[in-house]
1. With a point put 7 Å past each Cα toward its Cβ, work out how far S72 is from T44 in nm, to one decimal.
2. Normalised radius of gyration for the range 37-95, please: alpha carbon Rg relative to 2.2 N^0.38 Å, two decimal places.
3. Which of T11, T51, Y22 sits farthest toward the positive end of the charge dipole of the range 3-60, with +1 on the Cβ of Lys and Arg and -1 on the Cβ of Asp and Glu?
4. Relative to a virtual label point 7 Å from the Cα of Y31 in the Cα→beta-carbon direction, which members of the range 1-15 show backbone nitrogen distances below 17 Å?
5. Check which residues have an amide H placed less than 5 Å from Y22's amide H, if you skip close sequence neighbours.
Amino acid sequence: MKIDRAELTETVESMKKQGFDYLVKITAVDYVNSVEAVYFLRNTEKNEDTTLEVEIDPSDLWIPTIVKLHRSADWYEREMSEMFGIEIKGRKAKRLLLEKWDGKPSPLRKNFIWGEPYES
């Protein structure tokens, strides 16, 4: 289901009330002209899965955090922030997850050039 980033927190909360109580994972996809954050949720009682897709404009790359709704989102949000350069608004913990990285450019974005020297 495609949703706007302004609706993300409310939609995840609503899905949780509907029984989608388990956050399987969060990832992102770079489509050159847009970036999409993808949330995989599971209803453990009915064994049903659903996805939420949030399209993000590359010139305004941010989404709100959902850590208050799903504690496991912490690791996924940190990974998206480092590897895709997506700012996660509302996060309290700012420490890096994977490595010392300034995030410019982000290694899983299409504009990343492999093999160039990196200086932190």
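Taken together, the values in this text are just the output of simple stated rules run on the coordinates, not laboratory data. These numbers were taken from a predicted model, which means no experiment stands behind them. FYI the Cβ positions are ideal-geometry reconstructions off the backbone, even for glycines, and counts take in every protein chain you see.
1. That separation, rounded to one decimal, is 0.8 nm.
2. 1.21
3. Y22
4. Inside the label zone: 1-6.
5. Amide H neighbours of Y22: R42, T44.
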